Amino acid sequence: MQRTALVTGGARGIGRAILDTLAGDGFAVVVLDRLGDLAHEAAAAVEVAGGRALAVEGDIAQSASVAAAMDAAEARFGHVDVLVNNAGWDDMMPFLDTDEAFWDRVVEINFKGPLRTIHRLLPGMLERRWGRIVNVASDAGRVGSSHEAVYSGAKGGLIAFTKTIARESARHGVTANCVCPGPVDTPRLQELIEARGDGLMSAMVRAVPMKRIGQPHDVAEAVRLFTGEDAGYITGQTLSVSGGLTMA
C-alpha cells in the first residue's frame, strides 16, 4: 500500500525539498500552499519523475481553507498518513516595533496553522493506527532569537504542543516530532536579506560552526528520519538542523 504525505508550504524552499524527498521515497504527495502556480509546478515535477502528486491552493491561516484542502487530499488518495507542517512566516524586528495585527498573523500561521491541520487529520491516523506528524518549528523556539520574539514564542508553543500530541497518540501507532532548522537559504530569507542588506547573511554564516547556512535538503533529510516505516519508536523529539549553531 502506498502511503500519502501532505506538506504545507510545499511549493518552494524547505517545503519543496521535503516534498521531493518524500516523493522519492515512494510516497504519494500533496502540496498545500497559498502559491497555487508554484504548487502545481511542484506537483507536476513529481509526476514527471514517475510519482503521484496533488497540488492544492490553500491558506493554513483559514480553517475553511484547511478543511477544503484536506477533503481534496482524501478524495484523491483516500487518506493522509504523513503530515508535515512546514508552512511558516515571520518578519524580523524588535518586539516593541510590532503590533497586535503582526502578532495575530505570526500566531495564525506558525502555531494555529498546525493546530488546524492536525485537528483535521489526526482522527484518521488514530483510527488506522498509523501516522507520522512532523512539525517544522525553529531553533528560535528552543533558544530564542533577537528580533523574532513573537515567532520564537509561536514556535516554542508548537514544540510543546507536538510533545503533548505525541503523548496522547503514542498508544495508537501515531508519532509526532519536531524538526528545528537554524538559518536556511530559502526564498523568504533572501527577501529579508534584500530588505536589510548583505550583513544579515554574513552574520549568520559567522555564527554557524560549519561556516555555512543550511540548504533546504538538509532539513528534508531530518524530516525523512521521522517519516519512515521503521521510525515508529521515535516520538516527542525535537531535532535541530543548524550546523552546530545550537547544541543543547
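The values are calculated or read from the model by the stated rules, or taken from the named source; none is laboratory data. No experiment lies behind these values; they were computed from the predicted model shown. Counting neighbours? That spans all protein chains shown, and the Cβs are built from the backbone with ideal geometry, glycine included. Note: accessible area is taken over every heavy atom of the protein model, side chains too, but ligands, DNA and RNA are not part of it. Shrake-Rupley method; radii C 1.70, N 1.55, O 1.52, S 1.80 Å.
Tell me, please, whether a residue that is over 16 Å from the mean Cα position of the chain (by Cα), without any contact (Cβ under 8 Å) to a residue 24 or more places away in the chain and under 30 Å from F95 (Cβ atoms) can be found in region 123-135.
Scanning region 123-135 turns up no residue that is over 16 Å from the mean Cα position of the chain (by Cα), without any contact (Cβ under 8 Å) to a residue 24 or more places away in the chain and under 30 Å from F95 (Cβ atoms).
Go through region 219-248 and count every residue that is open to solvent by 40 Å² or more (accessible area, probe 1.4 Å) and part of a helix (DSSP H, G or I).
Going through region 219-248 one residue at a time, the tally reaches 3.
Against the condition under 25 Å from L122 (Cβ atoms), among the β-branched types (V, I, T) and within 17 Å of the chain's Cα centre (by Cα), how does T162 come out, does it pass?
Yes.
Does M210 satisfy the condition of being over 20 Å from the mean Cα position of the chain (by Cα), free of Cβ contacts under 8 Å to residues at least 24 places away in the same chain and either open to solvent by 30 Å² or more (accessible area, probe 1.4 Å) or farther than 21 Å from G13 by Cα (or both)?
no
Within region 133-189, how many residues turn out to be among the hydrophobic types (A, V, I, L, M, F, W, C) and not in a helix (DSSP H, G or I)?
Summing the residues that are among the hydrophobic types (A, V, I, L, M, F, W, C) and not in a helix (DSSP H, G or I) in region 133-189 gives 10.
Going through region 191-246 one residue at a time, which ones are within 26 Å of G131 (Cα to Cα) and of a type in the set (G, A, S)?
Hits for region 191-246 are A220, A222, G228, A231, G232, G236, S240.
Please return the ranges of strands (runs of 3 or more DSSP E) entirely within region 1-67 where 3 or more residues are touching a Lys or Arg at 6+ places or on another chain (Cβ under 6 Å) and within 21 Å of G124 (Cα to Cα).
none
Just one of the numbered conditions (1) more than 18 Å from the chain's Cα centre (by Cα); (2) closer than 30 Å to G232 by Cβ; (3) in a loop (DSSP other than H, G, I, E, B); (4) of a type outside the set (F, W, Y) is not true of M92; which one?
(2)
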